[in-house]
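Report on the following structure.
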Amino acid sequence: MTHVLDEAIAGSYDDAGLYQAQTHEAYANMVGPFGGSTAATVLHALTAHPEQTGEPLALTLNFAAPIAYGAWQIRPQLIRTNRTNQHWTFTVEQDGAVVGSGSAVFGITRDTWSDVEATPPTVPPAAEVELTPFPEFIGWARSYEKRIITGTWDSPSEDSTTTMWIRDAPARPLDFPALAGLSDTFAPRVFVRHANYMPTGTITMTTYFHATSAELAAHGDDYVLATARGARFGNGHFDQYGQLWGGPDHALLLATTHQLCYFKDPAPAQ
């Protein structure tokens, strides 16, 4: 049986070199499809290109306009292939218009000196944290199992940090497209600060992939430990920085991600 994520990112290249994709109802969001599923589809499309080499190192996706539900396309362009890395740009298109753009870097991994200066948060095991329910109108949230430890936005807070256990639902072995999707599963930080829905959306999102395909395969379908916070809010924008941890004892940094989002102050009560 095909996993719902694999259905959502499935597509093929046409004779013009465009990757033909289709939105999936399981990843519906309040306005258009969930950005994480868009990122997962883009990464899947690039790795399916016959000229692609290496493993994903970085993916940047700029959301120029909302994607409507239905068919959409990815137009990739290979910029350069070096000995150890490969560079791509792409546009996201729908109905003849560009609705997004971005870049991706792939690299050849090799054994070198390594160290991790970041440290994972100290948390209880996933089995000891209750599943977090989400409103019906956030459709994509049903495609993930979230167990939020801190940052549930039950009440306004001066700290925007959210830490949670998360994985695909139903459980699915972790790979790069799935990791790209998980990188966008944090609620907007303004929701956490105000404990309220506010008009907001991602303008640009970058994910850096630190894990290798072998490390992701060894992780399997276990939960990912994810944490994110904002740094500055104001002038109609805010940022969001996140870390995703996995592997043995969830001490392996799989990916880091950064977003810039817009927001509008909520309308005053009548």
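All of the numbers you see were taken from the coordinates with simple rules; none came from a lab. Keep in mind the model is a prediction, meaning the values are calculated, not measured. For neighbour counting, all protein chains shown are included, and Cβ atoms are generated from backbone atoms with ideal geometry for every residue, glycine included.
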In the range 8-73, which chymotrypsin sites (Phe, Trp or Tyr not before Pro) are in a loop and have at most 16 other Cβ atoms within 10 Å, using DSSP for the loop call? 69
So for the chain, taking the charge dipole from beta-carbon charges (+1 Lys/Arg, -1 Asp/Glu), which of 246, 66, 29 sits furthest toward the positive end? 66
Computed magnitude of the charge dipole of the chain (debye, nearest 20; Cβ of K, R +1, Cβ of D, E -1): 580
Sorted largest first, the Cα spans of the range 4-263 on the principal axes come out in Å as 52, 45, 36
Ordering of 78-87, 193-202 by packing [mean C-beta count within 10 Å, highest first]: 193-202, 78-87
Within the range 195-223, what residues put their amide N at less than 15 Å from the label point 7 Å along the Cα-to-Cβ vector of residue 131? 223
Test of understanding: extend the Cα→C-beta vector of residue 20 to 7 Å, then name every residue of the range 64-79 with backbone N under 14 Å from that spot. 71-74
